[in-house]
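For reference, the structure is listed below as structure tokens.
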Amino acid sequence: AQSVTQPDIHITVSEGASLELRCNYSYGATPYLFWYVQSPGQGLQLLLKYFSGDTLVQGIKGFEAEFKRSQSSFNLRKPSVHWSDAAEYFCAVGAPYNQGGKLIFGQGTELSVKP
Amino acid sequence: GAVVSQHPSRVICKSGTSVKIECRSLDFQATTMFWYRQFPKQSLMLMATSNEGSKATYEQGVEKDKFLINHASLTLSTLTVTSAHPEDSSFYICSASGQTKNIQYFGAGTRLSVL
């Protein structure tokens, strides 16, 4: 079955510290992978995506993620966290458009940033 | 680009009434729109997928007669919660997929409270 696991429900980091949010997936074929961010009471904003090619992808707001097929992982990283990064982060795996294009989301990781 | 507008952002209604939520793609043609439901502190659960001009495809366990979805044009989909009850209170989010077909762009969500 297709699934996404975000092992950390809540993470707290100090402002300026580095960040890594974990994501593991189970998918039968080559996955399309996404990271989205959600601020309280808001919709989701796409941070970055991986479809194919270079396994290290750059996104907006200084985020990057690395696709590791051998570990079925797509962890999100940022070298220096800003207070404005506090939000909920969702990892998702998607089916290709010609297969319905559905997204399966992980449970989310809530990020808190300490001053 | 790729802006999705969702309206209203918040609605309070009495039990038994119907509520319509609109989802519009403002700067692209959305061949597919998705409707999600999100409970507090939880992930997004896909309710249904709608393709322009076709009947929506509902996920297992979602009552199609309660959650009516219409996707009459390439820029507008609506979700109508019919005869709403307190248990329908939730955060509803739409997304749209268009030219970059493997990416979903999300609206800001609608907070529905049924009294």
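The values are calculated or read from the model by the stated rules, or taken from the named source; none is laboratory data. Keep in mind that what you see is a predicted model, and the values were worked out from it rather than measured. We place every Cβ from the backbone using ideal geometry, glycine too, and count neighbours over all the protein chains shown.
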Subset of the range A:20-79, residues of a type in the set (A, V, I, L, M) and either closer than 21 Å to B:F34 by Cα or in a strand (DSSP E or B) (or both), comes to A:L21, A:L33, A:V37, A:L44, A:L46, A:L47, A:L48, A:L56, A:V57, A:A65, A:L76
Output for Cβ contacts, cut-off 7 Å, separation at least six or different chains, first residue at the interface with another protein chain (Cβ under 7 Å from one of its Cβ atoms) and without any contact (Cβ under 8 Å) to a residue 40 or more places away in the chain in the range A:24-45, second of a type in the set (A, V, I, L, M) and part of a loop (DSSP other than H, G, I, E, B), reads A:Q42/B:A108; A:G43/B:A108
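Which of the residues that make up the range A:80-115 are part of a strand (DSSP E or B) and among the aliphatic types (A, V, I, L, M)? Quick ask: steps written out before the conclusion?
Our first condition is that a residue be part of a strand (DSSP E or B); within the range A:80-115, this holds for A:87-94, A:103-105, A:109-114.
Scanning the range A:80-115 gives A:A87, A:A92, A:V93, A:L103, A:I104, A:L111, A:V113.
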Filter the range A:1-28 for residues that are over 30 Å from B:S25 (Cα atoms) and of a type in the set (A, V, I, L, M); the one that is surrounded by the fewest Cβ atoms within 10 Å (Cβ to Cβ) is A:A1
Go through the residues of the range A:61-68 one by one and say whether even a single one is more than 14 Å from chain B (Cβ to nearest Cβ) and farther than 23 Å from B:Q104 by Cβ. yes
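In the range B:18-39, what count of residues is obtained for those that are in contact with a strand residue (DSSP E or B) (Cβ under 8 Å, 6 or more places away or on another chain) and in a loop (DSSP other than H, G, I, E, B)?
Taking the range B:18-39 first, the residues in contact with a strand residue (DSSP E or B) (Cβ under 8 Å, 6 or more places away or on another chain) are B:18-26, B:28, B:30-39.
In the following step, the residues that additionally are in a loop (DSSP other than H, G, I, E, B) were identified as B:18, B:26, B:28, B:30-31, B:39.
Residues meeting the conditions: 6.
Within the range B:7-34, can you find the residues that are out of contact with any Asp or Glu (no Cβ under 7 Å at 6 or more places or on another chain) and within 12 Å of chain A (Cβ to nearest Cβ)? First the steps, then the outcome.
Applying the first criterion (out of contact with any Asp or Glu (no Cβ under 7 Å at 6 or more places or on another chain)) to the range B:7-34 yields B:8-30, B:32-34.
Within the range B:7-34, B:S9, B:R10, B:C23, B:A30, B:T32, B:M33, B:F34 qualify.
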Of the residues in the range B:44-72, those that are at pLDDT below 90 and out of contact with any Ser or Thr (no Cβ under 9 Å at 6 or more places or on another chain) come to B:S54, B:K55
Within the range B:40-67, the residues that are part of a strand (DSSP E or B) and either more than 9 Å from every other protein chain (Cβ to nearest Cβ) or farther than 30 Å from A:L111 by Cβ (or both) are B:M47, B:A48, B:S50, B:N51, B:T57, B:Y58, B:F67
Within 18 Å of A:G101 (Cβ to Cβ), touching a residue at least 12 places away in the same chain (Cβ under 8 Å) and within 9 Å of chain A (Cβ to nearest Cβ) - does that describe any residue in the range B:79-94?
-> yes
